[in-house]
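Student: Please find one structure pasted underneath; my questions will follow.
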Amino acid sequence: MSKTLEKVTRILVEKIGIAPTEATTDANFIKDLGIDSLDYAEIVMEFEQSFNIRIPDSDAERLQTVGQAVEYIDEQLNA
C-alpha cells in the first residue's frame, strides 16, 4: 500500500467512520462508501490540508473513487 493510499484511508476512516478494508482503490465515494456532497467537500478539504495541495472544484468533481483520488494526489505531489 502506498503512503498516499494509507493517508487517504486514514482520512476516510476518521472523517466518515468506514472500516479501513472498505477504502479499496475501486471504492466509489458515493455508491460504495455512502458519502454525501457535504462529507465529500470536507474530505477534499482534508486532502488539501493533509497533503498541502490545492484541489480545484472542477478536479474534485471528477474524483469518484479512492484510487482516482490517490492518483490525483500523487500527480499533484510530483508536479
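The values are calculated or read from the model by the stated rules, or taken from the named source; none is laboratory data. Please read all numbers here as calculations on a predicted model, not as lab measurements. When we count neighbours, we look across all protein chains shown, and the Cβ atoms used for this are built from the backbone with ideal geometry, even at glycine. In case anyone asks, the SASA skips ligands and DNA or RNA and just uses the protein heavy atoms, side chains included. Shrake-Rupley method; radii C 1.70, N 1.55, O 1.52, S 1.80 Å.
Student: In segment 29-49, which residues are surrounded by 14 or more Cβ atoms within 10 Å (Cβ to Cβ) and either small (Gly, Ala, Ser) or out of contact with any helix residue (DSSP H, G or I) (no Cβ under 9 Å at 6 or more places or on another chain) (or both)?
Tutor: Within segment 29-49, Glu48 is the sole residue that qualifies.
Student: Hey, among the residues in segment 28-55 that are charged (D, E, K, R) and part of a loop (DSSP other than H, G, I, E, B), which one's farthest from Ile16 (Cα to Cα)?
Tutor: The residue in question is Arg54.
Student: Does segment 59-75 contain any residue that is over 19 Å from Met1 (Cβ atoms), among the aliphatic types (A, V, I, L, M) and assigned to a helix (DSSP H, G or I)?
Tutor: Looking for residues that are over 19 Å from Met1 (Cβ atoms), among the aliphatic types (A, V, I, L, M) and assigned to a helix (DSSP H, G or I), one finds at least one in segment 59-75, hence yes.
Student: Please count how many residues of segment 7-16 are modelled with pLDDT of 95 or more and either open to solvent by less than 80 Å² (accessible area, probe 1.4 Å) or touching a Ser or Thr at 6+ places or on another chain (Cβ under 7 Å) (or both).
Tutor: 6
Student: So which residues in segment 1-17 are in a helix (DSSP H, G or I) and hydrophobic (A, V, I, L, M, F, W, C)?
Tutor: Leu5, Val8, Ile11, Leu12, Val13, Ile16
Student: Select, from Thr65, Thr21, Thr4, the only residue that is in contact with a helix residue (DSSP H, G or I) (Cβ under 7 Å, 6 or more places away or on another chain) and among the β-branched types (Val, Ile, Thr).
Tutor: Just one listed residue meets the conditions, Thr4.
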